[in-house]
Each structure stands twice: as C-alpha cells, then as structure tokens.
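Asker: Mind having a look at this structure? Questions to follow.
What follows draws every value from the coordinates through simple rules; no lab data is involved. Worth saying up front: this structure is predicted, and the values here are computed from it rather than measured. Note: ideal-geometry Cβ built from the backbone for every residue, glycine included; neighbour counts use all protein chains shown.
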Protein chains: 2
Amino acid sequence: MPDLRKDPIVGRWVIVAKSRARRPHDFETTPKVHSGRLCPFCEGNEALTPAEIIAYRNPGSQPNGEGWRVRVVPNKFPALEIEGDLQKRGDGIYDMMRGVGAHEVIIESPSHILSTADLSEEGLREVLWIYRDRLVDLKRDKRLVYGMIFKNVGEAAGASLEHSHSQLIVTPIVPIAVREEMQGSQEFFRFRGRCVFCDMAHQELATEKRIVLDLPGYVAFCPFASRFAFETWILPKAHHSHFETIDKQGIEDLARTLKQVMLRIEAALDRPAYNYILHTAPFDTHELGHYHWHLEIIPRLTKTAGFEWGTGFYINSVPPEEAAAFLREIDAENLRSLSQAG
Amino acid sequence: MPDLRKDPIVGRWVIVAKSRARRPHDFETTPKVHSGRLCPFCEGNEALTPAEIIAYRNPGSQPNGEGWRVRVVPNKFPALEIEGDLQKRGDGIYDMMRGVGAHEVIIESPSHILSTADLSEEGLREVLWIYRDRLVDLKRDKRLVYGMIFKNVGEAAGASLEHSHSQLIVTPIVPIAVREEMQGSQEFFRFRGRCVFCDMAHQELATEKRIVLDLPGYVAFCPFASRFAFETWILPKAHHSHFETIDKQGIEDLARTLKQVMLRIEAALDRPAYNYILHTAPFDTHELGHYHWHLEIIPRLTKTAGFEWGTGFYINSVPPEEAAAFLREIDAENLRSLSQAG
C-alpha cells in the first residue's frame with residue numbers, strides 16, 4: 001500500500017507509492033500515449049480493464065460487457081487503495097498515514113474519441129452525472145474527505161491513453177491547494193461578507209473583457225491572474241460550494257457551456273493538450289457561504305519550468321483579455337465543422 | 001511593461017507579460033532547445049547578448065569581449081523590467097502593480113557545456129560567488145523584496161538554450177511558495193522553538209536512510225515527502241536564513257557538494273533534464289531563526305499532470321529511501337569517467 005506523507009514545512013501531502021522494484025533507468029523517458037494499439041477503453045474490450053464500479057448501460061446489457069455509454073472502473077495502477085484503515089503515525093518530525101483512498105477512471109464514451117469536445121452534449125451530460133454519482137457514493141466513506149476529478153488530454157498533459165477519460169482520486173486529507181482556496185475565500189468572506197467567486201463572476205460579467213461565454217447558468221472567463229495562456233474557468237452563476245448538489249438543469253447548462261468552451265479552445269489552439277480540474281468543497285463540510293465550486297481548464301501550450309512549482313510564481317505571456325477576446329470571436333463556421341468532424 | 005497581478009482567492013502573484021502581438025497559433029508547439037546553432041552564450045559571441053552586468057574576467061580583458069569565466073547579462077526577453085515605480089493599484093476586487101524587477105542570466109562558462117556537473121569545482125565556486133554578488137547588489141533596491149535563483153537544464157525542464165546557465169528573477173513581492181515556507185517554518189518555530197530545517201537535517205543524519213551525501217558543511221538528502229522521483233535537497237548544516245551571507249569556506253563546501261550530487265544524479269539517470277531552485281529568505285528580513293536557506297534539485301523524469309498544479313497533490317513512484325540508496329551507491333568509477341568526459 002502507498003504512503004501518504006506530509007511535508008513538515010508547508011504541510012503538503014504527497015502520495016509515495018510502494019516501489020515496484022523499478023530501476024532508475026525506467027524513468028529516463030516519459031511514457032508515450034499508446035495510439036493504434038488495442039484500446040482497453042473501447043467497447044468490446046471491457047475484459048482489459050478491472051471490473052466496472054458503475055456504468056450507464058443500455059437496457060438488457062450486462063456489467064463488463066458491451067452496451068454501455070459511460071463506464072467507471074478502478075485505475076489499474078491506483079495511486080491509492082480502498083481497503084484498510086489509515087494508521088496515522090509519526091516518525092520523528094514527520095507525519096504519515098497509509099495511502100487509503102480511491103483512484104477511478106471514468107471512460108467517457110464507448111467510441112475511441114479523444115476529447116471532451118468530441119462528445120455530444122447528451123454524452124457530456126452523462127459524464128457529468130456520473131461525476132456526481134461517484135462523489136455522492138464515495139462521500140459516505142467517513143475515512144475520505146476529498147474527491148478530486150480531473151482530466152488529462154494529450155501526452156503533454158500527462159495522459160497515457162488517448163481514449164477520452166477522466167480520473168477521480170479520493171483522499172483522506174484535503175489537498176493543499178484546496179485548503180488554500182478554502183482559507184483564502186474564508187478570509188475574503190470574513191472581511192467583505194461575500195463570496196470571492198461570486199464577486200469575480202459579477203465583475204467579469206460587468207466588465208466583459210475577460211468573458212469567453214455567458215450562457216444560462218454558467219459563465220466562462222479567463223481569470224484576471226491567469227497562470228497559463230488561455231486558462232479558462234467555468235463558474236455556476238448561482239452560489240454552490242459542492243458540485244455534487246448540482247441538479248438536472250445545472251447538468252444540462254454545464255454540458256452546453258463546457259462543450260462550447262472546449263470547441264472554442266480546440267478551434268483556437270488546434271486541439272491542444274489540456275487538463276481540467278473540478279474544484280469543489282471537501283466532503284466533511286456542509287454548504288459553505290465562502291466557497292464556490294468551479295472548473296479550471298488549462299491548455300498545455302508551454303512547458304512549465306520547475307521554478308514555477310518551486311516558487312508558485314507563474315509567467316503568462318498571453319494576457320487573459322486577449323485570450324478571452326480570441327476565444328469569444330472564434331467564428332461559428334469553424335465551430336460547426338469541428339463539431340461535425342468530432 | 002508587464003503587469004504583476006494577484007489572484008484574489010489565494011493571493012498568488014502572476015507575471016502577465018505585455019502582448020507581443022502573437023497569434024494563438026504561435027503557442028501550438030513548445031520551443032525546442034537550439035542545438036548546433038550559433039550559441040549566444042559561448043565565448044566570442046558576446047555581441048549576441050545584451051551588455052553584461054558583471055563578469056569575472058581574466059586580467060586585461062574588456063567588458064563584453066572575450067576573457068571571462070562567468071558572465072551575467074540581462075535576459076533578452078525579460079519577464080520583469082528594472083525601470084520605474086510600482087504603481088500599486090486596484091481594479092474592483094483585483095490588485096495589481098507594474099512588473100518592476102530584474103531578470104538576469106548567469107552564463108556559467110565560456111565553453112559550451114551543458115550542465116552543472118560539467119563545471120570544474122573551481123568554476124562552480126565562481127558561479128556561486130556571482131549568485132551571491134548579484135543578490136547583494138539587487139537587495140539595495142528598496143522596491144525589490146525577493147531574489148529567485150534557478151536553473152533549467154534540458155528541454156523537458158523548460159530550457160530554451162543548452163549552454164549551461166542559471167537565471168535570477170528579482171520581484172517586488174514574495175512568491176507564494178516562499179511565503180508558505182516562511183509561514184510554515186515560523187509556526188513550527190513557535191510550537192517547538194527550533195528551526196524545522198535544522199530538525200530535518202538532524203533526523204536525516206541520524207537515520208541515514210535518505211542521505212545522499214554527508215560532507216563538511218552540507219548534507220544532501222531525498223526529502224521524506226519528495227514530490228518528484230530523485231528530488232534532492234542540499235542544506236547547510238549550520239543555520240543560515242539568507243544565502244547571500246555565505247562565506248568563502250561555505251562556497252567551497254557547497255561547490256564540492258553540489259558537484260558531487262549532480263554527478264551522481266547524472267550517472268544514475270543518464271543526464272536527465274532537471275531544475276534546481278535556491279530557496280532563501282526575502283531581502284527585507286534580517287537573519288531569521290526559523291528559516292534556513294537550501295537548494296532543491298528536481299530531475300524531470302515524468303510529465304507533471306495539470307491536476308498536480310491544481311491541487312498541490314503529487315504522486316511519486318520512487319520512495320526517497322530508494323532514490324537516496326541508489327544515489328549513495330553510484331560507484332566511484334562511473335563518477336570519475338563521467339567527470340573526465342565533462
């Protein structure tokens with residue numbers, strides 16, 4: 001079982017996986033995306049994955065057989081494992097616990113598509129529903145406090161399989177970046193009595209200069225202090241701290257917004273590698289006045305130098321005002337042809 | 001002039017550079033390391049860089065001509081610019097200031113070498129001296145509060161030129177990761193009355209299992225909560241918060257330790273891409289009991305997925321105990337031959 005280890009200086013937790021007896025030379029190259037090989041995520045190849053946790057299936061189909069539309073399976077090489085207790089312990093100045101948690105893969109389509117933009121709006125809705133279902137299910141486990149949903153597309157974004165999929169890592173601790181968001185937004189709330197994310201959405205909608213899309217229910221914009229070129233956030237206009245409280249209308253509106261945003265990003269940047277990350281409140285909190293769930297989309301256009309992790313200091317050479325203007329103005333013809341190709 | 005913009009949620013500052021009228025398509029590919037072309041950092045090509053700020057030169061040589069051993073020039077594409085005042089201002093809920101600061105390049109050798117391991121110990125000492133000299137000089141400027149020295153080697157680490165060089169970015173604000181280190185170590189100090197870094201060094205030296213090298217003046221180890229495979233830190237054994245207070249013996253000992261560590265990392269991992277980052281206390285502080293300068297070395301073996309930035313949550317599949325054992329046991333023959341080749 002992997003360890004969870006805490007950095008004694010800043011309190012960041014790291015998953016340290018048990019050795020698989022690998023030699024250092026195994027790390028010389030980054031794994032390539034397997035293209036053209038037998039894809040374990042395609043319909044018909046269900047036997048190549050661990051047994052499914054849940055799937056949205058057509059009537060009459062059988063678990064782990066064909067006939068599904070979205071399918072969730074355990075990660076074959078999980079970063080965390082679901083069995084056992086945490087065994088929190090110290091070792092001198094260090095703190096650690098067992099790597100208890102969940103690591104699941106959400107296979108977004110039975111067809112070999114490559115990106116969120118290739119999903120139909122209906123297909124994307126089902127992906128969002130299954131995100132919700134998994135969070136609701138896993139939050140019953142009192143050992144676990146945070147569910148992290150993210151997606152890597154393309155080798156430069158860390159993907160090792162090209163078939164469109166998301167991942168869910170559920171942890172017994174709150175990740176440091178989430179804790180910082182929670183603390184920062186709490187401080188803002190204490191000082192101003194409002195949600196900082198609501199304030200951002202209002203200011204963006206009022207000034208319009210960083211808006212990518214303003215649709216029913218959601219606003220998409222390039223944030224004022226974008227770390228990355230074409231970084232785009234999607235926020236629900238109504239205040240909600242927990243993604244899993246989303247309702248049917250919310251899912252429909254989000255699917256429409258996310259699809260439109262991804263089509264624009266892919267048209268503007270010629271189908272770049274990207275990540276998206278769902279930021280939502282920890283399991284062990286009730287609805288919070290200061291926190292606001294949202295989705296952060298990060299196209300991977302340039303390599304991040306190590307100093308950016310080391311310092312938290314980012315250099316972005318595309319002002320968000322320009323990125324947003326460009327994404328706003330992508331012409332409808334382009335979008336349609338890309339959409340039909342997908 | 002670039003902007004410095006503050007994220008209103010977590011307080012992270014981002015450099016947003018002025019547009020250079022680039023189209024999104026310019027971002028489709030990451031620039032490659034220029035190999036085989038005319039190198040602007042090689043001796044004889046001084047005219048290809050901006051005029052030097054300082055150089056350690058042989059007697060009789062002229063500024064911006066041949067005859068130097070280490071040379072510091074302004075970055076040709078600076079992230080921050082030195083002229084003018086900060087003009088701190090707000091824009092609704094957002095805070096910003098002008099991107100005043102310095103961005104310099106330290107050219108580490110007149111010869112076209114590729115890595116710190118290729119420098120002689122004497123050459124490396126001069127690189128470390130010039131780090132010190134630049135920090136001491138720039139900290140006189142009261143607009144500036146932090147000096148960040150870092151090095152990118154190899155395309156995967158974000159380098160765009162292969163000739164061995166470091167960079168110095170000096171900022172009017174303290175980068176968030178440094179602020180967090182300062183706060184975390186201050187909390188530890190309040191609670192235990194000791195420096196957390198001193199405690200780490202003591203525990204590592206006592207248990208030995210994560211030690212890479214234990215040499216006069218410095219200890220090199222793979223940290224307990226390593227984010228990256230083969231991440232290695234070098235700490236001075238004596239407590240000092242500011243790198244620039246280093247003395248002659250300290251420079252000599254550090255050059256020896258850093259050279260030995262880099263030779264081992266390069267032998268173990270077949271000359272990987274890497275970054276190193278010097279973590280030191282802000283300019284506007286005196287000697288601090290709770291902070292301890294150190295150097296963090298990060299081999300770039302795997303691609304970091306965006307979710308790792310998004311969450312601060314790292315997965316490391318090489319336990320630091322194994323990485324350290326491997327680096328400790330690199331045989332002397334290997335080191336010697338690599339050293340002679342360099």
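Asker: Can you work out ³J(HN,Hα) from phi for every residue in segment A:285-302, in order, using Karplus 6.51 cos²θ - 1.76 cosθ + 1.60 and θ = phi - 60°, giving whole Hz and x for Gly and Pro?
Answerer: Taking θ as phi minus 60°, the curve returns 10, 8, 3, 10, x, 9, 10, 9, 5, 6, 10, 10, 10, 10, x, 9, 9, 10 Hz for segment A:285-302.
Asker: Round to a whole angstrom and tell me the spacing of the C-alpha centers of segment B:278-297 and segment B:170-231.
Answerer: Segment B:278-297 and segment B:170-231 have Cα centres separated by 11 Å.
Asker: Sticking with this structure for a sec: Zone of B:A238 (label point 7 Å along Cα→Cβ, backbone N under 13 Å): which residues in segment B:255-284?
Answerer: Taking a point 7 Å out along Cα→Cβ of B:A238, no residue of segment B:255-284 has its backbone N under 13 Å.
Asker: Output needed: Cys residues of the protein assembly as shown lacking any neighbouring Cys C-beta below 4.7 Å, sorted by number.
Answerer: Cysteines lacking a close Cβ partner in the protein assembly as shown: A:C222, B:C222.
Asker: Further question: Report relative contact order for chain A in percent, whole number only (criteria: Cα-Cα under 8 Å, sequence separation at least 6).
Answerer: Reported relative contact order: 17 percent.
Asker: I would also like to ask the following. Rg to Rh for the protein assembly as shown: what is it, with Cα atoms only and Rh by Kirkwood?
Answerer: Rg divided by Rh gives 0.96.
Asker: Using the Karplus curve 6.51 cos²θ - 1.76 cosθ + 1.60 with θ = phi - 60°, what ³J(HN,Hα) values do you get for each residue of segment B:193-200, in whole Hz, with x for Gly and Pro?
Answerer: With the stated coefficients, segment B:193-200 comes to x, 9, 7, 5, 6, 4, 4, 4 Hz.
Asker: Cross-link candidates for B:K248: which aspartates and glutamates have Cα within less than 17 Å, leaving aside residues fewer than 8 places away along the same chain?
Answerer: Those aspartates and glutamates meeting the cut-off are B:E121, B:E122, B:E126, B:D133.
Asker: Which value, in debye to the nearest 20, describes the size of the charge dipole of chain B about its Cα centre when Lys and Arg Cβ atoms bear +1, Asp and Glu Cβ atoms bear -1, and nothing else is charged? If you can, show how the numbers build up before the last one.
Answerer: Working: 41 positive and 47 negative charges, 165 e Å.
For this selection, approximately 800 debye.
Asker: To the nearest whole number, what is the average tally of beta carbon atoms from other chains within 10 Å of the beta carbons of peptide A:315-327?
Answerer: So the per-residue partner count for this stretch is 5.
Asker: State to the nearest 20 debye the size of the charge dipole of segment A:140-240 about its Cα centre, where the only charges are +1 on K and R beta carbons and -1 on D and E beta carbons.
Answerer: My answer is approximately 420 debye.
Asker: Can you work out ³J(HN,Hα) from phi for every residue in segment B:115-128, in order, using Karplus 6.51 cos²θ - 1.76 cosθ + 1.60 and θ = phi - 60°, giving whole Hz and x for Gly and Pro?
Answerer: 7, 3, 5, 7, 6, 6, 4, 5, x, 5, 4, 5, 4, 5
Asker: Just checking the output field for B:179-191: average partner chain Cβ neighbours within 10 Å of each residue's Cβ?
Answerer: On the way: counts 3, 7, 4, 2, 3, 6, 3, 0, 3, 3, 0, 0, 0.
Going residue by residue through B:179-191 and averaging, the value is 3.
Asker: Then there is this: Can you check how the C-alpha radius of gyration of chain A compares to 2.2 N^0.38 Å, as a plain ratio?
Answerer: 1.00
Asker: In this model, which of B:K209/B:K259; A:K6/B:K142; A:K151/B:K259; A:K6/A:K237 are farther than 29 Å apart at the alpha-carbon? Can you show the working numbers first?
Answerer: Values: B:K209/B:K259 21 Å; A:K6/B:K142 36 Å; A:K151/B:K259 39 Å; A:K6/A:K237 36 Å.
With Cα atoms farther than 29 Å apart: A:K6/B:K142; A:K151/B:K259; A:K6/A:K237.
Asker: A further question follows. If the only charges are +1 at each Lys and Arg Cβ and -1 at each Asp and Glu Cβ, what is the size of the charge dipole of segment B:143-192 around the Cα centre, to the nearest 20 debye?
Answerer: On the way: 5 positive and 5 negative charges, 61 e Å.
The dipole magnitude comes to about 300 debye.
Asker: Putting +1 on Lys and Arg Cβ atoms and -1 on Asp and Glu Cβ atoms, find which of A:S164, B:A268, A:P236 reaches farthest to the positive end of the dipole of the protein assembly as shown.
Answerer: A:P236
Asker: Roughly how many whole Å is it from the C-alpha centroid of segment B:127-152 to that of segment B:61-106?
Answerer: Result: 11 Å between the Cα centres.
Asker: Hey, another quick one. Taking amide H positions as placed in the peptide plane 1.01 Å from N, state which residues far from B:Y314 in sequence (5 or more) or on other chains have amide H under 5 Å from it.
Answerer: The answer is A:I15.
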